[in-house]
Amino acid sequence: MFTAQDLVAAIGNEAAILNIFRNNIVMSTYGESQNSGAVHHMTVAAGWGIQPYVAKKADGTVIDVMSIVNKPCVPGPATFQAYWCPFQGNDCKLAWLGGAASYMFTAKMDGCTFAIGSAAPSGERMVAHANLGGDGGGQMDQIKGKIAFRNDTGMRYLGPAAYRYSHDTGGTEATTFGIRLATGQWKFFSQVVLIDKTAKTMQLVEVMPLG
């Protein structure tokens, strides 16, 4: 379990942040009024969706399910600030990450593609969340159709082939996030979780670096 204040306390500390994601399953949820490429006040809530889910690590250790909630809230001790990379079905949305916040989140991914642009000298980056029904090639075309990515030879991306697979009555989904280090540089990771919505179980598969 963790709180918004834990995220605030861990700002700039990569090891502390990854420890949170390696010991909790972290989902994301949002309201349309804050589904924009900007810095928003967010909260942390216990659970996700219909309860209860039994959540475990690969070794069987029981862990908590937590949600990053990007919905209107009153700024205060129970909130933290983060960039949000917006999501829209059958579209590609962008966000520019600077120094106004030290985290980035986006909608959970179950077939989408997430792209990371080359870093500016001061560390800023453009990111994109593309959706075209899990069509990895089509989603890359969406991203490369954006001026910001058209000639970016240093672009990196996470497509469905890298994280999405089915198992029994479940499938994997990914919570992709960014952290801004004390140097001003951004790093990106994706927490991959195997979710069985029939058995109401979750298994933390890995927290993968995106370069």
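We did not get these values from a lab; they are worked out from the coordinates using the rules stated. None of these values were measured; they are calculated from a predicted model. Cβ: placed from backbone, ideal geometry, glycine included. Neighbour counts: every protein chain shown.
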Positive-end residue, the chain charge dipole about Cα centroid, Cβ charges, pick of Tyr30, Met140, Gly111: Met140
Residue-count net charge about Thr43 - beta-carbon cut-off 14 Å; Lys, Arg +1, Asp, Glu -1: 0
Dipole magnitude (debye, nearest 20) for the chain, charges at Cβ of Lys, Arg, Asp, Glu: 220
Cα-derived Rg to Rh of the chain, Kirkwood definition: 0.94
Segment 149-195: translational diffusion in µm²/s, Stokes-Einstein, Kirkwood Rh over Cα pairs, 25 °C, 0.890 mPa s: 191
Gap separating the Cα centres of segment 153-207 and segment 1-71, nearest whole Å: 13
Cα pair distances of segment 1-116 binned at 10 Å [whole percent]: 13, 43, 36, 8
Ordering of 73-79, 131-137, 100-106 by packing [mean C-beta count within 10 Å, highest first]: 100-106, 131-137, 73-79
